[in-house]
1. Based on alpha-carbon atoms only, what is the radius of gyration of segment 371-448 relative to the globular estimate 2.2 N^0.38 Å?
2. On C-alpha positions alone, give me the angle between the axis of helix 317-327 and the longest principal axis of the chain, in degrees, nearest 10.
3. With a point put 7 Å past each Cα toward its Cβ, work out how far residue 263 is from residue 331 in nm, to one decimal.
4. For segment 27-72, state what percent of all Cα-Cα pairs lands in each successive 5 Å bin, counting from 0 Å until the bin that includes the largest distance.
5. Suppose we keep just the DSSP beta bridges with both residues in the chain; what percent of those would be antiparallel, to 5?
6. Placing unit charges on C-beta atoms (Lys and Arg positive, Asp and Glu negative, everything else neutral), compute the dipole magnitude of the chain about its Cα centre in debye, rounded to 20.
7. Would any residue of segment 412-444 have its amide N under 13 Å from a label point 7 Å out along Cα→Cβ of residue 397? List them or say none.
8. Compute the Rg/Rh shape ratio of segment 254-347: radius of gyration over Kirkwood radius, all on alpha-carbon atoms.
Amino acid sequence: MAENPLEKTLDAQWLATQLQDRSMRGIAIETAAMIRSGVIEIGTHLPPVRELAQALGVSPATVSAAWGQLRRQKVIAGRGRNGVWVCGDMLSPRPARFEKIGNFGEHIIADLALSSPDPELLPNLLEAMHHGVGADNLNSYQREAISPSLLEAAKHDWPYDAPAFMSADGGFDGMNLTLQTLLMQGSVVAIEDPTATRLLDMLDNLGAQVLPVKCDEFGPLPESLAQALLKNPSAFIYQPRTHSHCGHAINAERYVALAEILSQSNTLIIEDDGIGQLSCYPPLSMGSRLPERTVHVRSYSKAYGPDLRLAVISGSTDLIKQIKSFRNFGAGWSSRILQEALAWLIKDPKTQEGISHAKSVYAQRRKAMSDALRIRGINIPERDGLAMWIPVPSEQFALVTMAARGIAVLPGERSRIGPGQFIRISTSQVKPEQVDLIADALVLAMGA
């Protein structure tokens, strides 16, 4: 290998001569540079950890940690007996599951892959933005955690008396800030299965060891959560009211059971209220029972508009202080204009009437799809939210069958951890004239 570095299997001695910095960080950075420049080609197998460690004069743990860093960046893949190989030359972390959703082409007549709100059912922002530009302390560089007006508006229906609050630039920004701040690289994390695609991408970026917690129509199963907690995860992540994929929500009995199990651990509880005010269920949080280790993130994008880019995070004073400090590496605070605009919308009676109307329209669209499938002999729970989670014999067959009829759907593999074959269809923007077309395609996709 010393003569030709472009063979498919790298020699440990040759690679050791190319690496000047023998620290974990140095090995990762210098190997990444060789991959980016093409000296080490995509498809090349890297030498076994122990062989390279011996050649470098470092511990196997140092090389293993360096490979772990490159694996998190999606530059290398594999482990164990099959070895490690170069799978890409893009060295920045990226949300692989989310990016794979992609563009299904011009022939798609019904894009049901993204569970997005109907723009026609979102509030008009004109008057709200007029109020927004009148925000106090406008254009100040003071890093204010949350504007007083948004704090007052959010507290009106917050699920518990939280010690501290801050704003974030949308629900997923809030979740990412929380995970990046409070979880270490490689942490063990319990999360309900299925879950939001982008949460799994965030955990991949952290190199987390993910423990799936099974769910039923009332949310995470107590016995599955108890089993996961035996492995002492750093955090448990779940959606406390309407689930973004399955549409289920935790009822009072399940809440008590989960709270009892969690009270016997030291696990951090992270709640993702992604549907927010479009949920037909009241706000819910473990913060009512375990406020010192609960972080609650509520997105306002689905109900008020994704371009408002706002969420509110609550938690203990210490946890929020940590998240605020980490955020200072970036923007430091959310736009006061947008916070003031959202606060006005939350308090505006006409806007609230519009949100109630939107919820009823979304419910009608879900019911229309559920009824159409039921007529065709397929019983899918109607539940709540902007989407339906549908079991299929084969995800691949379902995707191809639906796409051939001009319908894009989300494969379940992007959102689930455990076994099973599912697709998710968004019902939020389905037009009445499309219902039968979609239902007929689903019948074929399910082999019914």
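1. 1.02
2. In the chain, helix 317-327 runs at an angle near 60 degrees to the longest axis.
3. Each label point lies 7 Å from its Cα, and together they span 3.8 nm.
4. Values per bin, smallest distances first: 5, 22, 30, 28, 13, 2.
5. 50
6. Around 560 debye, computed over the chain.
7. 421-422, 443-444
8. Answer for segment 254-347: 1.01.
Read-outs throughout are calculated quantities, based only on the coordinates presented, and are distinct from any laboratory measurement. Predicted model, so just to flag it, every value in this text is computed and none were measured. A quick note on method: Cβ atoms are made from the backbone with ideal geometry, for glycine too, and the neighbour counts reach across all protein chains shown.
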